[in-house]
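> Quick one: the structure is below, and I'll ask about it shortly.
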Amino acid sequence: MTLRMAPQAKDPQLLQGSEAIADAMIAAGCRFFSGYPMTPFTEVLEVMARKLPEVGGVCMNAESELEAIGMAWGAAATGTPSATGSTGQGLSLMQESLSEITLARLPLVVLNMGRAQGDYYQATRGGGHGDYRHLVLSPADAAEAIDLIGLAFDLTERWRNPVVVLGDYYLAHTARSVTIPAMKTRETPEWALDGSSGGTRHAKLISPLGTAKQRDDVGYDIAVHYADCVAATNEMIANVEPLAEVESTDDAEIIVVAFGTPGAYVRAAVRQLRSDGVAVGFIRPITLFPFPSDLVARATQGVKSVAVYENNQGQMLDDVRLAVLGNAPVHFIGGLSLDSSGFGIAPDLEVSVLVDRIREVAAQ
Amino acid sequence: MSTSLPTNNPPDEPSRLVDDFVPTLIDVGAHHLCPGCGEPIAMRCVMEAIDERELTARSVAVFGIGCYTAFSNNLDIEVLQALHGRAPSLATGVKRAKPSTIVVTIQGDGDMVSEGLQEVLHAAARGENITCIMLNNGVFGETGGHMTATTVLGQRTKTSLEGRDAALHGRPILLSSLLAQIDGTAFVARGAVNSAGNVARTKKLLLRALTAQEQNAGFSFVEILTMCPTGWFIETEEAPDYLNDKLAAVHEPGVLKDVLGQ
């Protein structure tokens with residue numbers, strides 16, 4: 001395979017989030033991408049369709065999200081670094097396959113360019129059947145998205161478990177100056193299918209039901225396979241470092257928690273309150289799973305109250321409450337905020353609005 | 001202590017091993033499918049065709065979900081297990097990512113026509129260089145004999161107890177006939193495994209389909225009519241004739257399309 005793109009970091013360029021994410025995936029070694037158009041995921045698919053063939057990769061415009069995830073599943077089984085994605089609605093269609101891909105222990109990066117922030121549960125709990133977890137990374141802007149895309153491909157390769165990158169409309173459609181990292185090449189893993197183990201009496205098998213062959217006198221033993229998957233998941237959770245952005249928490253009486261692009265607006269509100277002398281701190285979880293629970297627990301010890309902003313009915317709120325464990329009252333200062341398109345343009349993301357809500361919590 | 005079922009016609013000579021033959025590329029030959037099932041015969045045809053074409057070390061079989069899934073973990077070719085109905089998209093991913101592979105899907109009529117019709121139609125229309133194989137017995141055998149999209153009119157199943165009625169249940173989809181009309185298909189044929197002659201003919205169809213894939217000629221498809229005496233609620237020995245009289249009368253065996261040069 002010949003690579004036309006030079007293997008060094010590029011100069012800073014002004015890119016929309018979607019294009020930055022696509023370029024970052026290619027730089028991270030992604031060589032197979034499949035998707036079905038849906039706002040605000042569409043532009044990622046467009047850019048991959050244009051750029052992936054230039055580096056010898058394959059991009060498929062699938063007939064539906066069902067086929068998109070299926071094609072990515074097949075490509076992942078060949079050891080090709082693969083990704084797919086959609087918005088939350090399209091990912092709902094993909095959930096059956098996502099469950100089984102996880103139980104088949106295949107690596108895959110899954111983008112959710114979500115509308116508002118209603119897909120927190122879908123991403124962190126999984127909307128599919130069975131017993132599995134996905135790692136979930138949540139960038140606040142295009143520059144962080146580039147870093148997290150690289151991390152996602154590293155993590156999925158290391159743990160053979162899908163990794164979800166949860167973005168949103170703002171991330172997809174906001175342009176900023178970013179630097180795409182150097183091109184990374186990845187080794188083909190030993191478990192990958194290419195047909196060559198056929199006839200050796202030990203032909204490879206990749207299956208969500210297990211990998212034990214009947215010749216080994218056991219056949220599929222789903223109880224054993226599922227237990228192995230649980231053990232692998234637990235090892236992954238124990239070894240993946242939870243990440244968060246933390247600001248001004250040391251002397252804070254109120255801690256505000258938010259994730260994703262809205263986190264940047266909340267951070268601006270917190271900074272404004274700080275400059276007004278309010279003892280407020282800020283935590284933005286970057287890994288939504290594993291959730292930075294220990295960090296939140298430590299930072300909120302002894303505070304007067306905790307406030308959570310998210311553009312939904314209150315989903316991450318559960319994880320914050322579990323982390324705080326009743327040591328402080330947790331107030332919800334978010335709520336669904338949409339324009340008529342429903343894509344996630346949030347009238348509430350006005351720093352003065354957020355400042356007022358945090359002040360209300362402070363006054364309680 | 002061995003147990004035996006009571007019978008009115010006990011054998012008049014002790015049992016003896018007639019042959020110790022293990023079919024090509026089927027590791028242990030053991031499966032738990034019912035007596036009289038046609039799927040093991042169809043699987044053996046597929047494996048022999050791959051072996052004869054010397055494609056063993058290039059092949060990846062993508063399995064759907066059905067009774068035949070019993071073979072997904074005892075073959076000596078590489079296997080990727082898919083969800084019910086979803087094998088053609090996985091096969092597409094494998095083939096596009098590793099074009100040197102020979103990719104076949106193994107699916108039933110419930111898998112391919114009921115749950116996964118969209119997948120196979122689009123794979124065919126794309127002219128995907130894969131070979132899809134449908135084992136068609138007109139019932140969901142694994143769940144115990146329920147109506148599928150290929151169940152013929154009049155056929156009794158657990159969800160069409162008085163026989164499939166066009167007014168009540170709709171009509172069967174003749175997938176091979178449908179696929180033959182799509183431009184992306186290179187080879188479309190329907191075989192059966194209810195007689196030695198039909199088994200031999202079916203293997204030739206499979207060899208032709210593999211040739212189409214080797215030549216990158218486009219999508220190739222072989223439908224194989226298989227017996228399911230359990231799901232048809234008939235005696236085992238009646239199944240080959242039942243296949244002939246009922247299924248094959250509607251899903252007619254033969255080559256429906258072949259664009260390869262002779």
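> Within a 10 angstrom radius of the beta carbon, how do A:Leu273, B:Leu260, A:Leu14, B:Leu121 rank from fewest other beta carbons to most? Please list the in-between numbers first.
Details: A:Leu273 22, B:Leu260 14, A:Leu14 10, B:Leu121 17.
In order of increasing Cβ crowding within 10 Å: A:Leu14, B:Leu260, B:Leu121, A:Leu273.
> Using 21 Å as the Cα-Cα cut-off, could you pick out the over-long pairs in A:Lys213/B:Lys95; A:Lys10/A:Lys184; B:Lys158/B:Lys246; A:Lys51/A:Lys184; B:Lys98/B:Lys257? Let's see the in-between values first.
On the way: A:Lys213/B:Lys95 24 Å; A:Lys10/A:Lys184 13 Å; B:Lys158/B:Lys246 17 Å; A:Lys51/A:Lys184 16 Å; B:Lys98/B:Lys257 27 Å.
Those over the limit are A:Lys213/B:Lys95; B:Lys98/B:Lys257.
> Related question: Ignore the peptide's own chain and count Cβ atoms of other chains within 10 Å of each Cβ in B:84-91; give me the average, rounded.
Working: counts 1, 3, 10, 2, 4, 15, 13, 3.
Partner Cβ neighbours, averaged per residue: 6.
> Over all residues in B:95-104, what is the mean tally of Cβ atoms on other chains that come within 10 Å of each residue's Cβ?
Working: counts 5, 11, 18, 11, 1, 3, 5, 2, 3, 0.
Across the residues of B:95-104, the mean count of other-chain Cβ atoms within 10 Å is 6.
> Using the alpha-carbon centroid of each, what span in Å lies between the range A:148-168 and the range A:261-340?
For the range A:148-168 versus the range A:261-340, the Cα centre distance is 24 Å.
> Among A:Phe332, B:Phe187, what is the fewest-to-most ranking by other Cβ atoms within 10 Å? List each step's numbers first, then the result.
Values: A:Phe332 17, B:Phe187 26.
Ascending number of Cβ neighbours within 10 Å: A:Phe332, B:Phe187.
> When the C-alpha atoms of the range B:1-132 are aligned to their principal axes, what extent does each axis show, in angstrom, from largest down?
Sorted from largest, the Cα extents of the range B:1-132 read 59, 33, 22 Å.
> What value, in deg cm²/dmol to 500, does the helix sum -39500 (n - 2.57) over DSSP H runs of n ≥ 4 give at 222 nm once divided by the residues of chain A? Kindly include the intermediate steps, with their values, before the conclusion.
Working: 12 runs with 142 residues, N = 364.
Estimated from H runs of four or more residues: -12000 deg cm²/dmol.
> What is the P(r) of the range A:81-188, as percent of Cα-Cα pairs per 5 Å bin from 0?
Per 5 Å bin, starting at zero, the Cα-Cα P(r) for the range A:81-188 comes out as 2, 12, 24, 24, 19, 11, 6, 1, 0 percent.
> Fewest first, what order do B:Met47, A:Met71, A:Met60 take by the number of other Cβ atoms within 10 Å? Walk me through the numbers on the way to the answer.
Details: B:Met47 22, A:Met71 31, A:Met60 25.
Ranked by crowding around the Cβ, least crowded first: B:Met47, A:Met60, A:Met71.
> From the C-alpha coordinates alone, can you work out the Kirkwood hydrodynamic radius of the range A:13-178, in Å?
Values: mean 1/r = 0.0664 Å⁻¹.
Taking the inverse mean of 1/r over all distinct Cα pairs, the range A:13-178 comes out at 15.1 Å.
> Using only atoms on other chains, find how many Cβ atoms lie within 10 Å of each Cβ of peptide A:75-86 and report the average. All intermediate terms of the calculation are to be shown ahead of the outcome.
Details: counts 8, 5, 11, 9, 2, 5, 1, 2, 0, 1, 0, 0.
Whole-number average of other-chain Cβ neighbours for A:75-86 is 4.
> Give the long-range amide H neighbours of A:Val256: residues separated by 5 or more places, or on another chain, with amide H under 5 Å away, using H modelled in the peptide plane at 1.01 Å from N.
Amide H to amide H, under 5 Å and 5 or more residues apart or across chains, A:Val256 pairs with A:Gly281, A:Phe282, A:Ile283, A:Ala307.
> Where in chain B are the DSSP H helices whose alpha-carbon span along the long axis reaches 18 Å or more and whose Kyte-Doolittle mean is at least -1.0? Before the final figure, lay out the partial values.
Numbers: long enough: B:39-52 (20 Å, 0.21); B:196-214 (27 Å, -0.13).
In chain B, the long hydrophobic H runs are B:39-52, B:196-214.
> If one computes P(r) from the Cα atoms of the range A:248-343, what percent of pairs lie at distances over 24 Å? Working shown, then result.
Values: 742 of 4560 pairs.
Of all Cα-Cα pairs in the range A:248-343, 16 percent lie more than 24 Å apart.
> What is the pair-distance distribution P(r) of the protein assembly as shown, computed from all Cα-Cα distances in 20 Å bins starting at 0, with each bin given as a whole percent?
Percent of pairs per bin, in order: 19, 44, 27, 9, 1, 0.
> While we're looking at this one, here's another question. Kindly state, as a whole number, the per residue volume in cubic angstrom of the convex hull around the alpha carbon atoms of chain B. Don't skip to the end; give the middle numbers.
Details: hull volume 38.0 nm³, N = 262.
Considering the Cα atoms of chain B, their hull volume per residue is 145 Å³.
None of the figures in this text is laboratory data; all of them are computed from the coordinates on show. If you're wondering where the values come from, they're calculated on a predicted model, not measured in any experiment. For neighbour counting, all protein chains shown are included, and Cβ atoms are generated from backbone atoms with ideal geometry for every residue, glycine included.
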